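Here's the structure we're looking at; comments come further down.
Coordinate-derived values only; no laboratory data. Just so it is clear, the structure is predicted and the values come from calculations on it, not from any experiment. Cβ: placed from backbone, ideal geometry, glycine included. Neighbour counts: every protein chain shown.
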Amino acid sequence: MTSCSSTTAAGPAWMPSSIVESAGIPAGATENTFVVQFNDLESLEYQLKKHEGEIACFILEPCMTNGGVIPPDPGYLKGVRELTIKYNVLLIFDEVKIGARIAPGGGAEKYKIKPDLITLAKAIGGGTPLGAFGGRRELMELITPLGPAVHFGTYNANPLTTTAGLTCLKEVLTAGKYKEMDKLGEKYASGLEEIIKRLNFPASVTHEGPLGGIQFVPEKPHTYREANQCNKDLWREYWYGMLSKGVIPMGSGWFEEYSISAAHTVNDIEETLNITEDVLKTIKNKLL
C-alpha cells in the first residue's frame, strides 16, 4: 500500500507517486511500479496508455481494506477488467484480506469479475497460517513441475494448515453462516450510522458484508486519499476508549477495519453499539 501523508509527496491524484514506507526496499521496487488511485479509471488508463507494452500486471484489492474498507464504485471493476484486456495486462486480485470473507468466493464472486490471478490467505486457513494463489490454466501451467517458474517451499501443502483450511471452508463458513455474518454486518453498520447521525458526529461508515470501519471524515471516502483525511485525534480517542471498555474495535491503526466473524452474535453487536455510543458521546464532550 502507498501512503499519502503529504499531497505534494504523493503527487497528483491522477498520477500518484510511490512513497517508500520502510527501510530496506530497493529503488527498483518503486522505479518499476506505477501507482494509480482506487476507484479512478482515468488514473488507471493514463498509466496503461503511457506505459503501453511495459506493464505486466495490475494488482488491486477489489474492495480496499487498508483504508478502513472502501468498496468499489458501481462499474469500477468492470471498467478495470475492460482496460486490462484492452492493454493486454494481467489483472490480479489481492484477496489476502477479503477472500472468503465478503463472500464464499471473495471479491471475484461478490462483484462478478474474473481476474487472471488471485491471491488468498488468512480466512481460508481456519486460524492457521495459510496462503494460496490460483488463476487461468495457461498461467498456472507455467509453475513447476509443468512450467519453468519454480515454486518450492518447506510449507507448501502443509498437512496441518491444509486440513484446518478445508475444515474451516466446509464446516464453519457454510452458506447459512455467510448469510448470518452479512446480516450482522448490516445491523452493525446501520447501527453505527444511526449513532453518528444522532450525535451529529463528524464521521461516516463504510462496509462490505461483515467488514467495515468508522471513517473519521464527514463524507464516505471513495479513495485512499479521502480516507487519509481521517481525524487521527478522534480516531485515537475512539480506539482507546473502546479498548478501555473491553472492546477491540479494529486493528491498531486508523486504516484498519472491523471484522464480524462466524463466532459473533446479535448480542455482541448490540453490546458493541451501546459501548460505541458511550465512547463517541465522551469524545464529543471532550474534543468537539
Worksheet, complete the sentence: Loop-resident trypsin sites (Lys or Arg not before Pro) in segment 110-139 with no more than 13 other Cβ atoms inside 10 Å, DSSP not H/G/I/E/B, are K112, R136
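What is the ratio of the Cα radius of gyration of the chain to 2.2 N^0.38 Å, with N the residue count, to two decimals? Numbers along the way, then the final one.
On the way: Rg = 20.3 Å, N = 288, 2.2 N^0.38 = 18.9 Å.
This ratio for the chain stands at 1.07.
Report, for segment 36-172, the % of DSSP beta bridges that are antiparallel, rounded to 5.
Numbers: 6 of 15 bridges.
Given both bridge residues lie in segment 36-172, the antiparallel proportion sits at roughly 40 percent.
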Practice prompt. Return the subset of K78/K187; K114/K232; K114/K183; K78/K170; K112/K183; K50/K78 for which the Cα-Cα distance in this structure is over 32 Å, preserving the input order.
Written response: K114/K232
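Quick check: net charge around E45, other residues with Cβ under 12 Å of its Cβ, Lys/Arg +1 and Asp/Glu -1? Let's see the in-between values first.
Numbers: positive: K49, K50, K86; negative: D40, E42, E52, E82.
Charge balance in the 12 Å sphere: -1.
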Worksheet entry | Table column - 3J(HN,Hα) (Hz), segment 149-165, Karplus curve with 6.51, -1.76, 1.60, x for Gly and Pro | 7, 6, 9, 9, x, 4, 9, 4, 6, 4, x, 5, 5, 5, 5, 5, x
Practice prompt. Grab the beta carbon distance between D182 and D268, set R0 = 25 Å, and tell me the FRET efficiency rounded to 0.05.
Written response: 0.95
Worksheet entry | Proximal aspartates and glutamates to K245, defined as alpha-carbon separation beneath 19 angstrom and excluding residues fewer than eight positions away on the same chain | D233, E237, E257, D268, E270, E271, E277, D278
Worksheet entry | Gain upon complete extension [E171, E42; 0.36 nm per residue less C-alpha separation] | 42.2 nm
Worksheet item: Can you sort H151, H264, H222 so the residue with the fewest Cβ neighbours within 10 Å comes first?
Response: H151, H264, H222
